[in-house]
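In what follows, a single structure is set out as structure tokens and then discussed.
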Amino acid sequence: MSNTQARKADHIRICLEEDVQFRQATNGFEKYRFQHCCLPELDYDEIDLSTEFFDKALGAPLLISSMTGGTAQAKEINYRLAAIAQKYQFAMGVGSQRVAVEKPEVAHTFAVRSQAPDILLFANLGAVQLNYSYGLDQCLRAVDDLEADALILHLNPLQECIQPNGDRNFKNLLDKIETLCSKLPVPAIAKEVGNGISAKMAQKLLDAGISAIDVAGAGGTSWAKVESERTQNPRQRQLGRTFADWGIPTAECLTQIHHAYPDTPLIASGGLRNGMDAAKAIALGADLAGLAYPFLKAASESIEALDELAQLLIAEMTTVLFCTGNRTVAELQHDNALQKLG
């Protein structure tokens, strides 16, 4: 097993077994509450969660966020996630495909099209790899191997600071992203990994040709904590603990960017744990709500647990629409039913 494969296996184990959630910082959604509608004038059975993203139809505005790949366990998790995504027409992203670029023989652990021929599917590479010999060829390989509809370029400077031997040269990266975006045949999505994207940074990324933003804010899994658990270096371990709650809350990222760039396709992830969180994200301007940890936990148990989670998320979101008097996702986005507390 390569170092990258071992890291992927560690990430799954630590996320499932250790306490690596944000503790002080929250996703920010607790500051908002839906205004209840006591007489919706709707038939619950006619509530419609369907939507579109990148011109592809979705059964609900839900994204199974990027998590894993590269190992036998990761393949099983990805295949289960893809089967559920296909059944309910959710969007799905895979974990970083760097390991598959390094070792093409593990590309099959990401290749979920056989399980999900119709879903909106996102490939994924770390943007910083553009400073470490990656270019258009590697990005095209990631997209082609997956038969993906778009490419996520994830941004993870804090994680790289804590990670043993992390890739920390982010200099002149924006220019390389711009060059890549001009040549990619599919849209590129900029995504943080749990520390958030500000409106200021969103502007720079959009100007560089990025097509959509996944804010991936603070409030969920702390990758500083995850890497702190992995390292044997006492200094790096303490560094991870110091920065365990670093980042911009998801709701704050979302409202900042949506206010500044209302027409930008937005994905809200980072600490979303249920359909209520997802509905709040949509009401605040997101086009998709991304969840990772709840899907990882269920996928590690069984396909039945995943199916139950998917049905619960749909029921929770449907109930929000019904109890706010909105029949569709678009109506929820424009209803002003979400009130900020205080």
- Sorted by Cβ density within 10 Å, fewest first, the residues 317, 276: 276, 317
- Query: Contour minus end-to-end for residue 19 and residue 204, with contour as 0.36 nm per residue of separation and end-to-end as the Cα-Cα distance?
  - Reply: 63.2 nm
- Task: Compute the FRET efficiency between residue 50 and residue 6 as 1/(1 + (r/R0)^6), taking r as their Cβ-Cβ distance and R0 = 45 Å, and round to the nearest 0.05.
- Result: 0.65
- Relative packing of 32-39, 199-206, which averages over residues the other C-beta atoms within 10 Å, highest first: 199-206, 32-39
- Item | Relative intensity, log₁₀ I(q)/I(0), of region 154-249 from a Debye sum that treats every alpha carbon as a point, q = 0.12, 0.19 Å⁻¹ | -0.43, -0.90
- Query: Sorted by packing (mean other beta-carbon atoms within 10 Å per residue), highest first, where do 43-56, 8-21, 213-226, 141-154 land?
  - Reply: 213-226, 141-154, 8-21, 43-56
- Query: All other residues with a Cβ under 12 Å from the Cβ of residue 26 taken together, and with Lys, Arg as +1 and Asp, Glu as -1, what is their net charge?
  - Reply: -1
- Message: From the alpha carbon gyration tensor of region 1-82, can you work out the equivalent ellipsoid semi-axes (sqrt of 5 times each eigenvalue) and give them in Å, largest to smallest?
- Response: 36, 21, 11
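Compute the orientation-averaged projected area for region 113-156 from the convex hull of its Cα atoms and round it to one decimal in nm².
Taking a quarter of the hull surface, the average projection is 3.2 nm².
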- Query: By what distance, in whole Å, do the Cα atoms of region 3-340 stretch along each of the three principal axes, largest value first?
  - Reply: 58, 41, 41
- Task: Compute the signed sum of charges (Lys and Arg +1, Asp and Glu -1) over the other residues within less than 10 Å, Cβ to Cβ, of residue 104.
- Result: -1
- Item | Viscosity 1.567 mPa s, 4 °C: Kirkwood-radius Stokes-Einstein D of region 16-166 over Cα pairs, µm²/s | 73 µm²/s
- Query: Where does each of 242, 264, 250, 319 land when they are ranked from fewest to most other beta-carbon atoms within 10 angstrom?
  - Reply: 242, 319, 264, 250
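A short reminder: the numbers here are calculations on the coordinates, not readings from a lab. The structure displayed is predicted, hence computed values, not measured ones. When we count neighbours, we look across all protein chains shown, and the Cβ atoms used for this are built from the backbone with ideal geometry, even at glycine.
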